[in-house]
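The structure appears right after this line, and notes come after that.
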Amino acid sequence: MRYIKTRPEEAEKVRRHIRKTGLAAKGHKVLKKGGFLYFPIIGGDSRVGDIVVRNYSEGTTGDMRDAVREFKEKHKSSSKSIELLGNIAVIETSERIAGKLAAAVMEENKGVSTVVMKSSAVKGRYRTRKYRHIAGKRTYVARYRENGCTFVFNLRKSFFSSRLAFERKRVADLSKNGERVVVMFAGVGPFAVEIAKGRPKSKIVAIELNDSAYKYMLENININHVDNIVPVCGDVAEKSKDYLGFADRIVMPLPKGAQDFIGYAISMAKRKCIFHYYAFAEGDDPFSQQMLYLREEAAKRNMRFKLLFRRIVRTYSASVVEIALDFELSLGSGKKQGRVQ
């Protein structure tokens, strides 16, 4: 369970924020400790308070962020992040204290048997990065639980971020049983599996280009006992031709370059379709440019654009954020949908 830690005088502000953004974890109590309040949340990113982690994985106890904060103060560390992926912890810090930080993480989280460090940025066609083993068992294969589902994947061969856990649950909860759904850029299958598990009467087509990620998607489909996913290995630009006019809902979790594929996404949509679109953006109003682009693409095809929801998902860099835009495209009576541009 994740919590937002805040002082009592800020409690009402935090309470309103997590309700408005849908972060509130229903059925869990607000905790009090050491003069602070801890609000239970789903997902991992928030712009209010300090996120701390308790009981994040089996055998894990204690307040992870407080432990790391104490470590940083003691060693004058500039640690940027720690991501827990089940048996593997991913750290981002200086070479000088990587070993000590890894030891602290493993001591605080008994479910962690491996610590690795990021050694490159996310790059390439498959959105992968390099990692270096720091401590524990030498493996890059994680086994991670999220929102009642289990995912297995190789960190170095496929993209996965626990920081999108809230988005995956949000989209799965919005999906309706019986829908036809396309998940583009499906990776190891987290969006597809979570939708499929919660909506067993739906049919989900999950398209992924990376052969390694596709193989782990197949494994994750089996692990989670879902039989309503059609896994597809290949390029969306080509595979979209097999699903023209198929989808009630389309998920596009590729923030870098998603707009290059909007035409293919629209070609797979029914006359009325809901899209979950992710993009990197910057500026005081990170939504306006992407919304303008999407409206123009809809207009080219004589389709109506209706914004349903927008949200800043996470901070990506000092000037860039990742945004989520939910919107509906619908085709008026008697109008023909335009071809892919």
Inside region 186-198, can you point out the residues that are surrounded by fewer than 24 Cβ atoms within 10 Å (Cβ to Cβ) and touching a strand residue (DSSP E or B) at 6+ places or on another chain (Cβ under 8 Å)?
K197
Hey, could you check region 140-157 for residues that are of a type in the set (S, T, Y) and either part of a strand (DSSP E or B) or within 15 Å of the chain's Cα centre (by Cα) (or both) and say which is nearest to E92 (Cα to Cα)?
Y144
Could you identify the single residue in S202, S240 that is among the hydroxyl-bearing types (S, T, Y), out of contact with any Cys (no Cβ under 7 Å at 6 or more places or on another chain) and farther than 19 Å from I266 by Cβ?
S202
Determine if region 208-223 includes at least one residue that is touching a Leu at 6+ places or on another chain (Cβ under 9 Å), outside any helix (DSSP H, G or I), among the charged types (D, E, K, R) and farther than 21 Å from K270 by Cβ.
no
Positions within region 202-251 being touching a helix residue (DSSP H, G or I) at 6+ places or on another chain (Cβ under 7 Å) and under 16 Å from A172 (Cβ atoms), in sequence order:
S202, I204, V205, A206, N220, I221, N224, V226, N228, I229, I250, V251
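Quick grid of which residues meet (1) surrounded by 17 or more Cβ atoms within 10 Å (Cβ to Cβ); (2) at pLDDT 95 or above; (3) in a loop (DSSP other than H, G, I, E, B):
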site	(1), (2), (3)
A103	no, no, no
V115	yes, yes, no
R138	no, yes, yes
F159	yes, no, yes
A165	yes, no, no
R168	yes, yes, no
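The values are calculated or read from the model by the stated rules, or taken from the named source; none is laboratory data. Note that the coordinates shown come from a computational prediction; the quantities given were computed from them, not determined experimentally. Quick reminder, even Gly has a Cβ in these numbers, built from the backbone with ideal geometry, and neighbours come from all protein chains shown.
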